[in-house]
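Contents: one structure, followed by commentary.
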Amino acid sequence: MADPTFSNLPTTIFEEMSGLARGLGAVNLGQGFPDDPGPLAIRQKASDAVLNGYNQYPPMTGLPELRQAVAAHYARSQGLELDWAREVTVTSGATEALAAAFLALIEPGDEVIVFQPLYDAYVPLIRRAGGVPKLVPLQPPTWRFDRALLEAAFSARTRFVVLNNPINPAGVVLPEADLALLAEFCVRFDCVAICDEVWEQVVFEGAVHRPLMAFPGMRGRTVKIGSAGKMFGLTGWKVGFLCAAPALTHSVSRAHQFLTFTTPPNLQAAVAWGLENAADWFREMPLGLQRARARLTEGLRREGFAVLPGQGTYFLNVDLAASGIDEPDRAFALRAVKDAGVATIPVSALYETAPVTTILRLCFSKRDETLDAGVERLARARELSRRAYATAV
Ligand code: PMP
Ligand code: GLN
């Protein structure tokens, strides 16, 4: 008989690919983390806080200095007015913020709209909370929704919509008109939006991130989630923020208290300092990433790969079919890591249903040598794939 305590969930595609990369010594353009160690001054603040600061339990909702800094940062950067005492909760990364929001708000049977491709944590967590995911597929190259798609997705049963913007894995920053459209549907169907905006600071070339919370009718029905890990390129820190109107904050912080209760105070103190002192970092970090994106794009195009447009995140996408690769993305990604020494993310892994199997996600927050080696190895993988396919088909 099947063991009911045995999880059928696979490990995430990020864990799988990074594990293969570590084991095989491959160049890792899979999981999203920078080669750069992150801003020195912020790391020094963290080290100072560990050695000389307070290392006991901080308040459950987060250090007041960090909650104040988060509210001030969003006021400066996104024009939001948040009451730090009643509308900001510090969590252990965006992942815990998502879990807290889902567990606190979803009642068994509630329908939750999620767009595919999706960040891998959403659907398992929504199901654990008793929710019923309503999966809406988005298509390359633009990955945008429109009125017809939303009309088909929303109904009287819809209680929540989960929006990831800027979008991982697509690298797309949604334009204002799309956000206004989604806000219109949220208001019309009286639902709460859970907005995963961890990539909000990582936008390029004049693209502007707009929080859904700022659209008409959304202020009281939006849970906005951020992550210092992405803001400062310190992905292992797992310091996240939950921002929402007082009634929603009340509920999500009650779930947070039984998930992790608190988040390391030394890291919170360093992030608070960073938010208050990071104007240069927020200006320069996207420029460096934009240069890396351009370098990887040029290298890939020189080798005949078709690169899709994007305006944010650490990721760009390659259209395998348009690059002359007939193999499905997962098979190609396994061949690339095992036989050519480069790890990537097959985007089909980020669909629950009807996956698009022709897109490969590459992380470009890497040193030039890493990017150049990645291009060379991907070109080799394509050669191997073509040969295998020529023999097999
Ligand atoms: N949501 C998205 C869209 C992400 O890309 C990530 C991590 N890259 C997370 C959530 C998780 O963030 P954290 O590491 O702060 O938990
Ligand atoms: N968000 C990261 C990515 O998209 C991965 C985070 C994780 O491994 N859980 O690559």
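Couple of notes before you dig in:
- T12, T235 arranged by Cβ crowding within 10 Å, fewest neighbours leading: T12, T235
- Flagged links, alpha-carbon separation over 32 Å, of K134/K338; K238/K338; K45/K366; K224/K366: K134/K338
- Antiparallel DSSP beta bridges within the chain, percent to nearest 5: 50 percent
- Cα long-axis angle, helix 329-339 against the chain (0 to 90 degrees, to the nearest 10): 70 degrees
- Each of A322 and A354 was given a label point 7 Å from its Cα along the Cα-to-Cβ line. The distance between the two points is 2.1 nm.
- Entry note: region 293-393 has Rg to Rh equal to 0.94, where both radii use alpha-carbon atoms and Rh is the Kirkwood radius.
- The slack between T260 and D35, meaning 0.36 nm per residue of separation minus the straight C-alpha distance, is 78.2 nm.
- As a ratio to 2.2 N^0.38 Å, the alpha-carbon radius of gyration computed for region 13-109 takes the value 1.45.
- Relative packing of peptides 162-170, 26-34 - highest average C-beta neighbours within 10 Å first: 162-170, 26-34
- Remark: the E151-V208 segment gains 17.9 nm on full extension, using 0.36 nm per residue and subtracting the alpha carbon distance.
- Using alpha-carbon coordinates, inclination of helix 64-78 to the longest axis of the chain, degrees: 60 degrees
- On full extension, the segment bounded by E276 and A306 gains 6.8 nm, given 0.36 nm per residue less the C-alpha separation.
- A simple rule links phi to the HN-Hα coupling: the Karplus curve 6.51 cos²θ - 1.76 cosθ + 1.60 with θ = phi - 60°, which for region 32-39 gives x, 8, x, 5, 4, x, x, x Hz, with x for Gly and Pro.
- Summing charges over neighbours of L212, with a neighbour being any other residue whose Cβ is under 9 Å away from its Cβ, gives +1 when K and R count +1 and D and E count -1.
- Each label point was placed 7 Å from the Cα along the Cα-to-Cβ direction; for A390 and D48 their separation is 6.2 nm.
- Counting charges near G233 (Lys, Arg +1; Asp, Glu -1) among other residues having Cβ under 12 Å from its Cβ returns a value of 0.
- Listed values for region 182-199 are Karplus-derived 3J(HN,Hα) couplings in whole Hz (6.51 cos²θ - 1.76 cosθ + 1.60, θ = phi - 60°), namely 5, 4, 4, 5, 4, 5, 4, 9, 6, 10, 9, 9, 9, 9, 8, 10, 4, 8, and x replaces Gly and Pro.
- Once backbone amide H atoms are built at 1.01 Å from N, L163 has I194, C195, D196 as its partners under 5 Å, excluding neighbours fewer than 5 places away on the same chain.
- With neighbour counts taken as other beta-carbon atoms within 10 Å, the residues E87, E107, E205 rank, fewest first, as E107, E205, E87.
- Take 213-220, 64-71, 171-178 and order them by the average number of nearby Cβ atoms within 10 Å per residue, most first; the result is 64-71, 171-178, 213-220.
- Volume of the Cα convex hull of the chain, divided per residue and given in Å³: 157 Å³
- Nitroxide proxy distance, nm - points 7 Å out along Cα→Cβ at E369 and E176: 4.5 nm
- By average C-beta atoms within 10 angstrom, highest first, the peptides 79-85, 50-56: 79-85, 50-56
Here, each number is a calculation from the coordinates, and none is a lab measurement. Just so you know, these numbers come straight off a predicted model, no measurement behind them. As a convention, Cβ positions derive from the backbone with ideal geometry for all residues, glycine included, and neighbour counts pool all protein chains shown.
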